[in-house]
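One structure is given below, encoded as structure tokens.
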Amino acid sequence: DAKTTQPNSMESNEEEPVHLPCNHSTISGTDYIHWYRQLPSQGPEYVIHGLTSNVNNRMASLAIAEDRKSSTLILHRATLRDAAVYYCILSGSGGSNYKLTFGKGTLLTVNP
Amino acid sequence: NAGVTQTPKFQVLKTGQSMTLQCAQDMNHNSMYWYRQDPGMGLRLIYYSASEGTTDKGEVPNGYNVSRLNKREFSLRLESAAPSQTSVYFCASIPNPGLTYEQYFGPGTRLTVT
């Protein structure tokens, strides 16, 4: 299975943009890139996913490198509520064998 | 819509005791998953069920059994609990892998085995 590499922790200030990096140099052509986050004492929640093109939704943006060996999750204006562990995960395209493998993620601290 | 619900929220077991963790979803999702999360670690997949009537092992299945009782419910059983199974257990579901990619998680069950 292709693996991802993320920094253990990052810090940001409230109302500033945050760029969370993820390296996945062994990604295969059919692997999707997913981002989940886990707020303290809660289950993970879906943030965004993409395959090749950059993606935007109400929570964040996902920028995918042209060679797909890295990606960046962008929070446009961090709030205190965005303090969480962010996981970058690769998965196959779906079907009966679809599953996610979580690493340790990046702990994001947001300073007021 | 309650989403994904898990019972109990907390449980303390003695070594050797058995118990079943319950998970239910009311979103008509096809696939369901059980994960465990140890302190400071990411989630590890224990078992999953791609659809009603099927189950498959994940990364760490030893010491656990599962039952996909129907489309809504997916239970995880510890037959003889061990201290190494002290963890937070999360259940998740997804409508149709390959058509959608958002996995929905329950609030978790905190299990302590003494």
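The values are calculated or read from the model by the stated rules, or taken from the named source; none is laboratory data. What you see is a predicted model; the values in this text were computed from it and never measured. Positions of Cβ are generated from backbone atoms using ideal geometry, with glycine treated the same way; all protein chains shown enter the neighbour counts.
Under the condition of being within 21 Å of residue B:99 (Cα to Cα) and not in a loop (DSSP other than H, G, I, E, B), which residue from segment A:8-33 is nearest to the chain's Cα centre (by Cα)?
A:33
Considering segment B:28-37, the residues that are part of a loop (DSSP other than H, G, I, E, B) and surrounded by 14 or more Cβ atoms within 10 Å (Cβ to Cβ) include one that is farthest from the other protein chains (Cβ to nearest Cβ), namely B:29. On the basis of being modelled with pLDDT under 95 and touching a strand residue (DSSP E or B) at 6+ places or on another chain (Cβ under 7 Å), does residue B:103 make the cut? Judged against the criteria, residue B:103 is a match. If you check residue A:84 against the conditions, is it within 14 Å of another protein chain (Cβ to nearest Cβ), touching a residue at least 40 places away in the same chain (Cβ under 8 Å) and closer than 24 Å to residue B:35 by Cβ? Spelling it out, residue A:84 is indeed within 14 Å of another protein chain (Cβ to nearest Cβ), touching a residue at least 40 places away in the same chain (Cβ under 8 Å) and closer than 24 Å to residue B:35 by Cβ. Considering segment B:77-114, and only residues there that are over 16 Å from residue B:43 (Cα atoms) and hydrophobic (A, V, I, L, M, F, W, C), the residue that is surrounded by the fewest Cβ atoms within 10 Å (Cβ to Cβ) turns out to be B:99.
Could you tell me whether segment B:78-93 includes any residue that is without any contact (Cβ under 8 Å) to a residue 60 or more places away in the chain and within 11 Å of another protein chain (Cβ to nearest Cβ)?
The answer is yes, given that some residue of segment B:78-93 is without any contact (Cβ under 8 Å) to a residue 60 or more places away in the chain and within 11 Å of another protein chain (Cβ to nearest Cβ).
Here is a check on your reading of the model: is residue A:36 in contact with a Gly (Cβ under 7 Å, 6 or more places away or on another chain), in contact (Cβ under 8 Å) with a residue 40 or more places away in the chain, within 14 Å of chain B (Cβ to nearest Cβ) and not in a loop (DSSP other than H, G, I, E, B)? No: the conditions fail for residue A:36.
Scan segment B:41-72 for residues that are more than 11 Å from chain A (Cβ to nearest Cβ), in a loop (DSSP other than H, G, I, E, B) and either of a type in the set (A, V, I, L, M, F, W, C) or without any contact (Cβ under 8 Å) to a residue 12 or more places away in the chain (or both) and the total you get is 3.
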